[in-house]
Amino acid sequence: MMKKLQFVLVCVAALNGAAHAQNAPRFTAAAIEQGRDQFHRTCAQCHGRNMVNAGTTTYDLRKFPVDQPDRFVNSVTNGKGNMPSFKDALSTEQINALWAYVGSRGGREP
């Protein structure tokens, strides 16, 4: 009986932790704001202010898969298609801030 009770308590704790993790924001407000500022300095001329563009000549970042941060970092670092590499222009911290902005859909899905 004691082992069964321990098992139940462990399951409840795990579920509680998982529920809390799902509610926790992926990005801080400060990281999103830093990313927004960097985006407007570096990316907006092609991808549009607040990521709003027609998506016909440049990728519409509002549709970027939020579960693919490595793909985003790789594209920014090494370039992709018509987009140049930013590895010599942006630090890792700046690229991560850009991801916080893009990955949160401009702060709408932190």
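Cβ crowding within 10 Å ranks T28, T57, T42 as T57, T28, T42, fewest other Cβ atoms first. Between V73 and D88, full extension at 0.36 nm per residue minus the direct alpha carbon distance yields a gain of 4.1 nm. Among residues other than P65 whose Cβ falls under 15 Å from its Cβ, what is the net charge (Lys/Arg +1, Asp/Glu -1)? Once positives and negatives cancel, what remains is +2. Once the chain from A24 to T57 is taken as fully extended at 0.36 nm per residue, the excess over their C-alpha distance is 8.4 nm. Judged by the gyration tensor of its Cα atoms, with axes a ≥ b ≥ c, segment 29-110 is rounded; a/c sits under the 1.5 cut.
Placing +1 on the Cβ of every Lys and Arg and -1 on the Cβ of every Asp and Glu, with no other charges, gives segment 29-110 a dipole of roughly 240 debye about its Cα centre.
Any read-out appearing in this document is the output of simple, stated calculations on the displayed coordinates, not a laboratory observation. The structure displayed is predicted, hence computed values, not measured ones. For neighbour counting, all protein chains shown are included, and Cβ atoms are generated from backbone atoms with ideal geometry for every residue, glycine included.
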